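To start, the structure itself, in structure tokens.
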Amino acid sequence: MTTETLVNLTVPMVVRDIESVLETYSQNAYRRAFAIPEMRRKLEAYVLSRVPNQYAVASEEDTSFENLDRIALSHVSERSRVERVICDGIECVLQDNADKIGHQLPVDDNPCTAPSHWFG
């Protein structure tokens, strides 16, 4: 008898999409801010609370959920919506937690990125 499991397709998709969106940001500060586990969890929660969850039934024998993950939100307009929610979430989480993030970010080792060097 085959046992089937209910699989949430949205969580891994959102985690992967957050990483993809953060990679497109030119400022390393965004990536560093969301490398802080607490901030990453807040961003994931923000996005997951605003996108529809999708589930699939998978057999226990199917140990690879890669194909199921690709099913989630495959429509272009849905993917675009998720990306917009991620961008909104990045701004919202940063704004709401600016004081915490500022104290937790490591000092940038590159002197060329320090504000005093920006204007010559």
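The values are calculated or read from the model by the stated rules, or taken from the named source; none is laboratory data. None of the values given here were measured: they were computed from a predicted structure. Each accessible area value is taken on the protein alone, full model and side chains, heavy atoms only, with ligands, DNA and RNA left out. Shrake-Rupley method; radii C 1.70, N 1.55, O 1.52, S 1.80 Å.
In this structure the amide hydrogen of Gln54, modeled in the peptide plane, comes within under 5 Å of the amide hydrogens of Leu9, Thr10, none closer than 5 places in sequence on its chain.
Given a 1.4 Å probe and the protein chains as shown, Lys42 ends up with an accessible area of around 70 Å².
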